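Asks: Below are the structure tokens for one structure; questions will follow.
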Amino acid sequence: MSKKETPTSLPEPRLRRAYREQVSARVLKEFGMKNIHQLPKIDKVVINVGVGRHLENQKLKPEYREAVIGTLSTISGQKPIMILAKKAVSNFKVREGAPSAFMVTLRRERMWNFLDRLINLAMPRIKDFRGVSDKTFDRQGNFAMGLSEQAVWPEINMANINHSHGMNINIVFTHSDPKKSRLVLAELGMPFVKPEETSSKAVAAAAAQ
């Protein structure tokens, strides 16, 4: 009788290993924490693509819907869910219950792998990219950012895409606040706008007035 082969475990995501081996120690020291259970942790990543403005006769255009589903499935590794409008908005011709967005929620390995590709593959492909703003943290330390088009993802072949769209990305933390979350993300490689660049832009704007 032949021995049964035991499945090999997948390698630990690179960013999760960096958080465990390097980032955690830095955060503990920086904020004077005594217990690892006090550490801020990334709980999930939520990717959202709004589609309300693409409604026609209260129905989502099939080709646009397929483009969004295809993008989210490709970059996340799982199928998105459809979000329906909770309220009617007459100005935008949206009725209650009509499709308003597609959303994917990532946790564990998929979450860490997505963040790695976002930081190290997608962002460097953004034209004239100078960093993301660090002004979009909420009180709980959750971070929000947006991408203007799906073309920044190397796995997306725009030659096969008829509809370009952006997306919102929310990185949700537990046991955190804006300062802790910013340090965690910066240590993981998130390219925040440098303070001196922000200051120079403010000076230039003031001089132009």
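Only the coordinates and a few stated rules stand behind these numbers; no lab work does. Every value quoted in this text rests on a predicted model; they were computed, and no experiment measured them. Here the Cβ positions follow ideal geometry from the backbone for every residue, glycine too, while neighbour counts run over all protein chains shown.
Asks: Select from region 95-178 those GluC sites (Glu not before Pro) which occupy a DSSP coil region and have at most 16 other Cβ atoms within 10 Å, ordered by residue number. Please report the intermediate quantities before stating the final value.
Replies: Values: sites: Glu96, Glu109, Glu149, Glu155; in loops: Glu96, Glu149, Glu155.
Counting only loop positions with at most 16 other Cβ atoms within 10 Å, the GluC sites (Glu not before Pro) in region 95-178 are Glu96, Glu149, Glu155.
Asks: So which of Lys127/Lys194; Lys34/Lys179; Lys34/Lys194; Lys86/Lys127 end up more than 24 Å apart, counting from Cα to Cα? If you can, show how the numbers build up before the last one.
Replies: Details: Lys127/Lys194 18 Å; Lys34/Lys179 18 Å; Lys34/Lys194 30 Å; Lys86/Lys127 36 Å.
Beyond 24 Å between Cα atoms: Lys34/Lys194; Lys86/Lys127.
Asks: What ranking do Val51, Val193 get, fewest neighbouring Cβ atoms within 10 angstrom at the top? Let's see the in-between values first.
Replies: Values: Val51 20, Val193 14.
Least to most surrounded, the residues fall as Val193, Val51.
Asks: Now, a different point. Would you calculate the separation in nanometres between label points at Lys79 and Lys127, each defined as 7 Å from the Cα along the Cα-to-beta-carbon direction?
Replies: So the two model labels end up 3.5 nm from each other.
Asks: For Leu185, Leu106, what's the fewest-to-most ordering of other Cβ within 10 Å of each Cβ? Intermediate values should be presented prior to the final figure.
Replies: Numbers: Leu185 24, Leu106 21.
Listing Leu185, Leu106 from fewest to most nearby Cβ atoms yields Leu106, Leu185.
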